[in-house]
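**Student:** Would you mind keeping the following structure in view while I ask a few things?
Every read-out reported here was derived from the displayed coordinates using simple, explicitly stated rules and does not represent laboratory data. Note that the structure is a prediction, hence the values are computed from the model and not measured. Note: ideal-geometry Cβ built from the backbone for every residue, glycine included; neighbour counts use all protein chains shown.
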Amino acid sequence: MQLSEQEIVRREALQKIIDMGINPYPADSFEINTNSTEIEENFELSEDAYQNISIAGRLMMKRIMGKASFAELQDDHGVIQIYVSRDDICPGEDKALYNDLFKKLLDIGDIIGIKGRAFKTKTGRVSVHVESLKLLSKSLKPIPIVKEKDGVTYDGFSNPELRYRQRYVDLIVNPEVRSTFEKRSKMVSAMRKFMTDSDYLEVETPVLQPIYGGASARPFTTHHNTLDQKYYLRIANELYLKRLIVGGYKGVFEFAKDFRNEGMSRYHNPEFTMMELYVAYKDVYWMMDYLEEMIEYVAEATTGSTTVTVGENEINFQRPWKRYTMYEAIKEYTNIDISEMDEEQLRKTAKELHIEIDDSMGRGKLIDEIFGEKVEPLLIQPTFITDYPIEMSPLAKKHREHEGLVERFEVICNAKELCNAFSELNDPIDQRERFEKQIELGKRGDEEAMVLDEDFLNALNYGMPPTAGIGIGVDRLAMIMTNQPSIQEVLFFPQMKNLES
RNA sequence: GAUCGCGUAGCUCAGCUGGUAGAGCAUCUCCCUUUUAAGGAGAGGGUCCUGGGUUCGAGCCCCAGCGCGAUCACCA
């Protein structure tokens with residue numbers, strides 16, 4: 001491996017540290033009793049409380065001025081300035097700990113632990129006067145030095161490829177990145193709390209599935225050696241969660257990593273997180289109310305407000321959200337009533353709206369195209385769209401009133417689909433017919449058509465209670481809640497092409 | 001998958017019409033007991049993404065490839 005000048009210097013420093021009799025990677029715990037933010041915020045209120053500080057973190061900056069130095073230490077909360085004076089950390093004749101170790105051999109990026117007392121400098125910054133210092137881990141590669149003043153970032157570490165490939169560096173030097181992922185975690189916790197407080201059971205179901213189902217997508221395939229059997233990585237967990245409802249649980253949910261072997265973009269990663277929830281004895285209208293309440297709660301818990309800034313927009317999650325049927329939404333935004341149109345009339349309408357269509361599109365697909373082109377981009381505030389055409393929803397129950405529709409809703413928010421929900425189809429005979437239609441589509445070359453899952457039908461044959469189900473795109477929701485423009489910014493390790501050595 | 005853009009020091013970026021490879025921070029050396037975007041002064045550091053081609057001469061022009069980003073298509 002080719003070492004850079006700076007890496008060579010650091011390896012030399014490492015050897016000198018070892019030669020001094022200091023272990024650069026000690027094994028023992030370093031006890032921490034506070035953190036940077038707590039000291040900074042509370043020091044003036046209770047100075048006495050911060051006279052025996054013990055904190056640890058990464059050295060981010062050194063300002064050496066002879067026999068005394070300032071440095072910046074970054075822990076998991078933030079950055080605090082530390083003051084190191086030679087005669088305080090080396091009270092005797094031997095000044096090596098300061099002159100050699102601190103001044104010369106410790107580098108930016110090294111992890112150290114310090115003990116000391118808080119004080120305020122002449123310029124008024126709360127700092128820690130170091131009384132003892134211990135090297136906890138030597139860093140052999142230089143980190144980018146990012147500086148910031150009055151909101152302006154200097155020398156930022158901003159190359160997206162480097163940031164994603166080496167997320168650890170990104171997290172070290174870009175505090176706002178750390179904060180984004182903390183928010184995502186809060187968001188997931190809030191969702192989980194909301195559902196467990198409703199007495200629903202968090203479950204885990206197989207990722208390796210002999211038959212993939214529950215969504216329309218192309219799967220990844222893999223192979224089990226001992227069984228000598230082909231497996232698919234799940235594209236959804238819907239059919240497994242419904243089996244659990246058949247088994248008698250009132251409500252089950254799972255935060256599921258799903259895998260879809262399709263294109264990548266700033267909205268699509270090959271693996272992504274979907275939260276699916278199924279609740280027995282409920283329908284899609286109940287689910288609308290439940291979802292509204294949950295997302296309002298999650299926004300508040302994640303961002304501290306029910307109004308979230310996303311790009312240029314302010315998105316308000318406060319209940320109630322707008323509700324349209326698919327037909328109403330299209331009428332609202334195009335002034336065209338398509339509710340009574342047959343396939344030919346729809347085709348003509350789509351052409352008039354300059355929407356690209358092809359002959360393979362049926363009635364459902366045509367409606368979906370018109371909606372996707374003319375309505376969805378305009379829906380910024382969270383909006384329910386209900387009553388979807390049956391052709392596109394093989395797992396949803398037929399509409400209780402309208403022929404050709406299903407009991408389904410999607411929520412569109414920031415011009416993107418956020419979730420998808422049904423009154424779940426529990427009629428096993430109807431379900432079998434729907435699967436068979438999908439098989440026909442598959443035979444006609446639709447690579448995303450669903451496959452028939454005989455065991456799932458077997459489960460339905462035993463009887464599934466009427467059930468409301470929903471899938472929420474967790475990454476998409478995280479993008480909104482953290483105001484990030486791409487999915488890569490809310491995944492720690494977005495998928496990247498391998499670099500050849 | 002298609003189109004466009006980008007790839008230069010550890011990081012962020014300049015680099016003119018094709019004529020000796022540049023800056024800031026980081027690094028190294030020296031000075032300095034309350035500095036702060038960077039304390040002061042000086043020095044070193046390059047596979048210009050890779051491989052071909054054109055040319056007396058290529059970071060720059062041409063061809064092919066790799067990676068990333070943006071837009072589109074498919075989807076969540």
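**Student:** Considering the dipole of the range A:370-461 built from charges on the beta carbon (Lys and Arg +1, Asp and Glu -1) around the Cα centre, which of A:GLN381, A:VAL451, A:MET392 is farthest to its positive end?
**Tutor:** The Cα lying farthest towards the positive end belongs to A:GLN381.
**Student:** Can I ask one more? In chain A, with Lys and Arg counted as +1 and Asp and Glu as -1 at Cβ, which of these residues, A:ASN426, A:ALA71, A:GLY57, has the Cα nearest the positive end of the dipole, that is, farthest along it?
**Tutor:** So the residue we want is A:ALA71.
**Student:** Averaging over every viewing direction, what projected area does the convex hull of the Cα atoms of the range A:5-143 cover, in nm²?
**Tutor:** Seen from a random direction, the Cα hull of the range A:5-143 projects 8.6 nm² on average.
**Student:** When you have a sec, figure out the Kirkwood radius of the range A:430-490 from all distinct Cα pair distances and drop it here in Å to one decimal?
**Tutor:** Hydrodynamic radius (Kirkwood, Cα only) of the range A:430-490 equals 14.8 Å.
**Student:** Report ³J(HN,Hα) in whole Hz for each residue of the range A:65-71, in order, from the Karplus equation J = 6.51 cos²θ - 1.76 cosθ + 1.60 where θ = phi - 60°; Gly and Pro get x.
**Tutor:** My calculation for the range A:65-71 gives 10, x, 7, 9, 8, 10, 8 Hz in order.
**Student:** Under a Cβ-only charge scheme (Lys and Arg +1, Asp and Glu -1), can you give me the dipole magnitude of chain A about the Cα centre, in debye to the nearest 20?
**Tutor:** Here chain A has a charge dipole of around 1820 debye.
**Student:** Cut-off under 16 Å on the C-alpha distance; same-chain residues fewer than 8 positions from A:LYS437 excluded. Which lysines are left, in chain and number order?
**Tutor:** A:LYS365, A:LYS397, A:LYS398
**Student:** Give me the dipole magnitude in Debye, nearest 20, for the range A:263-368 about the Cα centre, with unit charges on the beta carbon: positive for Lys and Arg, negative for Asp and Glu.
**Tutor:** Magnitude of the dipole: close to 80 debye.
**Student:** Considering only DSSP states other than H, G, I, E and B, which trypsin sites (Lys or Arg not before Pro) in the range A:188-297 qualify as loop sites with at most 14 other Cβ atoms within 10 Å?
**Tutor:** Those that pass, being in a loop and sparsely packed, are A:ARG266.
**Student:** Show me, for the range A:76-89, the HN-Hα J-couplings you get by feeding each phi into the Karplus relation (A = 6.51, B = -1.76, C = 1.60, θ = phi - 60°), rounded to Hz, glycine and proline as x.
**Tutor:** 6, 9, x, 10, 10, 7, 10, 10, 10, 10, 3, 6, 7, 8
**Student:** Quick one: Karplus J couplings for the range A:447-455, per residue in order, coefficients 6.51, -1.76, 1.60, θ = phi - 60°, nearest Hz, x for Gly and Pro?
**Tutor:** So the Karplus estimates, Gly and Pro as x, are 6, 9, 5, 6, 9, 6, 10, 5, 5 Hz.
**Student:** DSSP loop (so not H, G, I, E, B), at most 16 other Cβ within 10 Å: list which GluC sites (Glu not before Pro) in the range A:203-278 pass both filters.
**Tutor:** Answer in residue order: A:GLU204, A:GLU262.
**Student:** Now for a different question. Over the C-alpha atoms of chain A, what are the Rg and the largest Cα-to-Cα span, Dmax, in Å?
**Tutor:** Gyration radius and largest Cα-Cα distance of chain A: 29.0, 95 Å.
**Student:** Cross-chain or 8 or more residues apart, Cα under 17 Å: how many lysine pairs in the range A:5-143 fit that? Count them up, please.
**Tutor:** So the count works out to 23.
**Student:** Which distance in Å, rounded to a whole number, links the C-alpha centroids of the range A:10-40 and the range A:451-488?
**Tutor:** So the separation of the two Cα centres works out to 47 Å.
**Student:** Now for a different question. Let me have the 222 nm mean residue ellipticity of chain A computed from DSSP H runs of 4+ only, each contributing -39500 (n - 2.57), with the sum over all residues rounded to the nearest 500.
**Tutor:** -9500 deg cm²/dmol
**Student:** Could you state the per residue volume, in Å³, of the convex hull enclosing the Cα atoms of the range A:168-301?
**Tutor:** 156
**Student:** Cut-off under 12 Å on the C-alpha distance; same-chain residues fewer than 8 positions from A:LYS257 excluded. Which aspartates and glutamates are left, in chain and number order?
**Tutor:** A:GLU204, A:GLU271, A:GLU276, A:ASP475
**Student:** Let me ask another. Might you report the magnitude of the Cβ-based charge dipole of the range A:5-143 about its Cα centre, with Lys and Arg at +1 and Asp and Glu at -1, to the nearest 20 debye?
**Tutor:** Here the size comes out at about 540 debye.
**Student:** A further question on this structure: So how far, in whole Å, is the C-alpha centre of the range A:340-388 from the one of the range A:195-262?
**Tutor:** 31
**Student:** With a cut-off of at most 16 other beta carbons within 10 Å, and DSSP calling the residue loop, which GluC sites (Glu not before Pro) in the range A:317-374 qualify? Please list them.
**Tutor:** Taking the range A:317-374 and a limit of 16 other Cβ atoms within 10 Å, the loop GluC sites (Glu not before Pro) found are A:GLU340, A:GLU356.
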